[in-house]
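Written below as structure tokens is the structure these notes are about.
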Amino acid sequence: MIKKLFYKKSPTNLTIKAIEAKLAEYGFSNGFTQEVGSVLAERKKEFDNDTLFQKWLTRLHYRLPEGFKSEGKAAQLYDQYKIEIDHVLKQLEQETKLSWQTQTEDLNYLNESARKCQLVIRHRLTEAIDEILDQC
């Protein structure tokens, strides 16, 4: 964590493949990790180079990439990966000692399935990025 605060350059090992591998380590299915990877790949196209994309990734910090902000997209992903998302929600509740409802108060304008999906993505994606940064 301290490394992240003083980090000046984007690490070359912060890639979509590395993020997908971390998500797989967390127990997400291949399909789910590919969904995350494809949204990140779409966003990457908007950057002139890898360094700028990596810098954007490091600044996400518990925020969602644009591709997951849509209530419809999040609800669809929840429906498709309900079992694994609910499993991770239980883990997050135990880790934070807060209910998923409390953790998603900022998303209370969304339906329940979208809130659950968005919480899981923003939390685990940030953890994956932080762990990759810690390896630098």
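Values quoted throughout were computed directly from the atomic coordinates according to the rules given, and no laboratory measurement underlies them. As the structure is a prediction and not an experimental result, all values here were calculated from the model. Please note: Cβ atoms are built from the backbone with ideal geometry, for glycine as well, and neighbour counts cover all protein chains shown.
Values computed for the structure shown
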read-out	value
Qualifying residues in the range 56-85 (those that are charged (D, E, K, R) and over 15 Å from the mean Cα position of the chain (by Cα)) - the one farthest from Leu119 (Cα to Cα)	Asp79
Out of Glu95, Glu105, sole residue that is within 30 Å of Pro11 (Cα to Cα), exposed (fewer than 14 other Cβ atoms within 10 Å of the Cβ), over 13 Å from the mean Cα position of the chain (by Cα) and free of Cβ contacts under 8 Å to residues at least 24 places away in the same chain	Glu95
Some residue of the range 87-94 being of a type outside the set (Asp, Glu), in contact with a Lys or Arg (Cβ under 8 Å, 6 or more places away or on another chain) and under 21 Å from Asn30 (Cβ atoms)	yes
Contacts under 7 angstrom Cβ, first residue in the range 108-136 being within 11 Å of Leu23 (Cβ to Cβ), partner hydroxyl-bearing (Ser, Thr, Tyr), 6 or more apart	Arg124/Tyr26; Ile129/Thr58
Single match in Glu20, Glu25 (criterion: loosely packed, with under 14 Cβ neighbours inside 10 Å and out of contact with any Cys (no Cβ under 9 Å at 6 or more places or on another chain))	Glu25
Within the range 63-91, considering residues that are closer than 23 Å to Gln135 by Cβ and of a type outside the set (S, T, N, Q), the one surrounded by the most Cβ atoms within 10 Å (Cβ to Cβ)	Val88
Close pairs (9 angstrom Cβ cut-off, 6 or more residues apart or separate chains): more than 13 Å from Arg122 (Cα to Cα) in the range 58-85, of a type in the set (Phe, Trp, Tyr) and crowded, with 17+ Cβ neighbours inside 10 Å anywhere	Leu77/Phe32; Leu77/Phe68; Gln80/Phe32; Tyr81/Phe28; Tyr81/Phe32; Glu84/Phe28; Glu84/Phe32
Condition met for Thr58 (farther than 16 Å from Ala128 by Cα and either β-branched (Val, Ile, Thr) or touching a Pro at 6+ places or on another chain (Cβ under 8 Å) (or both))	no
Unique residue being of a type outside the set (Gly, Ala, Ser) and in contact with a helix residue (DSSP H, G or I) (Cβ under 9 Å, 6 or more places away or on another chain) when the list is His61, His87	His61
Among (1) hydrophobic (A, V, I, L, M, F, W, C); (2) under 14 Å from Ile19 (Cα atoms); (3) crowded, with 17+ Cβ neighbours inside 10 Å, the one test that Leu60 misses	(3)
